[in-house]
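Beneath this line is the structure, given in structure tokens, with notes to follow.
The values are calculated or read from the model by the stated rules, or taken from the named source; none is laboratory data. These numbers come from a predicted model, not from an experiment. No Cβ is skipped: glycine too gets one built from the backbone with ideal geometry, and neighbour counts run over all protein chains shown. Areas reflect the complete protein model, heavy atoms only, side chains present, ligands, DNA and RNA absent. Shrake-Rupley method; radii C 1.70, N 1.55, O 1.52, S 1.80 Å.
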Amino acid sequence: MTRRTALALSALLPLATVMPRAAGAKPLRIVCLDDGLAETLLTLGVTPVAVADREVWEKWVVEPPLPPEVADIGTILEPNLEFLQQLRPDIILSIPYLDGIKPLLERVAPVTTIGIYTPDGQPYQRAVEATRQLAALVGRQKEGEALIAATEAHFSDVRRQLSPFSARPVYVVNFLDPRNVRVYGRMSLFEAVFDRIGIRNAWTGETNYWGFATVGIDGLATSSDARLAYLEPLPEGAAGTLTESPVWNAMPFVRNRSIMRLPPVLMFGTLPSASRFARLLAEALMAESARG
């Protein structure tokens, strides 16, 4: 990481509480129903009073760490409305995916809906816009612009690091079971990161507007020189089953020993997840190179 990136990121250390929107203003009590929006708030130095399904955060988001005082209001589609009322939020942050329960949420507090993953397929640009919108909401515009600048600076650093690896494409997947994966391509956050760090995506097939396609592992044989990066966590029993699978062992990236295991990254995240993915992929590629 360059000194420029380090200095930009140093301005983004999370604070313990929501900062005032203006001098003397009372901090907003925010309930956030999307982990991507929540990770942006935390990186801006704002802690929501509650999120949906804390266990998902611990398993898939990981960083920034979720402070222990943040309440868990239940699953994303069935939040505990009684508990939500007890929290007395000033605002509930939601996404278009949850429009079906929006009337229920509006009985508790005003709802602001921010879409990142939409049919127009521009998650990175929408993440930038969401950063500015959230920063304005909580009165932290300076921190919002610093986050955007730090993310771009980080990508520039990673692109220089990975220039020797740009010739070979990379699949990015997470396993649903030993036979099937979600593979991330066009319209995904990972594809947007690839574009910015100079790495080609091995998956050129169609995706949904969340940026993935669900395929059998034999569907990953379309590129003979590709690397495979798979995200933790693996489904229970998948690792052992894979080693015994003739289909898996016939894959070009298995025969070439071009497989990288990545720690969890929120695939439906925002700028913090994009930066985390770039960093972890760079570390994995350089470690693979060091092994020869």
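At-a-glance table
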{"quantity": "Signed unit charges on C-beta, dipole axis of the chain, positive-most listed residue LEU234, ILE73, LEU147", "calculated": "LEU147"}
{"quantity": "Residue-normalised accessible area of region 166-291, given per residue in Å² at a 1.4 Å probe", "calculated": "41 Å²"}
{"quantity": "Choice from LEU41, LEU266, LEU104 with maximal GNM fluctuation in the chain (Cα, 10 Å cutoff)", "calculated": "LEU104"}
{"quantity": "Nearest-20 debye value, the chain charge dipole, Cβ charges on Lys, Arg, Asp, Glu", "calculated": "940 debye"}
{"quantity": "Of LYS26/LYS142; LYS26/LYS59; LYS26/LYS102, those spanning more than 28 Å from alpha-carbon to alpha-carbon", "calculated": "LYS26/LYS59"}
{"quantity": "Tilt relative to the chain, helix 123-137 - C-alpha long axis, 0 to 90 degrees, to 10", "calculated": "20 degrees"}
{"quantity": "Solvent accessible area, Å² - TRP60, 1.4 Å probe, full protein context", "calculated": "50 Å²"}
{"quantity": "In range of the label at ALA167: residues from region 214-228 whose backbone nitrogen is under 19 Å from the point 7 Å along Cα→Cβ", "calculated": "223-228"}
{"quantity": "Distant-in-sequence amide H partners of MET260 (H built 1.01 Å from N, under 5 Å)", "calculated": "LEU228, ALA229, TYR230"}
{"quantity": "For region 108-127 and region 168-199, distance of Cα centres in Å", "calculated": "21 Å"}
{"quantity": "Whole-percent carbon and sulfur share, accessible surface of the chain, 1.4 Å", "calculated": "53 percent"}
{"quantity": "Protein-only accessible surface order, largest first, of TYR230, TYR209 at 1.4 Å", "calculated": "TYR209, TYR230"}
{"quantity": "Distance from region 40-101 to region 227-273 (C-alpha centre basis), Å", "calculated": "29 Å"}
{"quantity": "C-alpha long axis of helix 141-161 to longest principal axis of the chain, angle in °", "calculated": "10 degrees"}
{"quantity": "Integer Hz, Karplus 6.51/-1.76/1.60 couplings in order for region 262-274, x for Gly and Pro", "calculated": "9, x, x, 9, 5, 6, 10, x, 10, 4, x, 5, 4"}
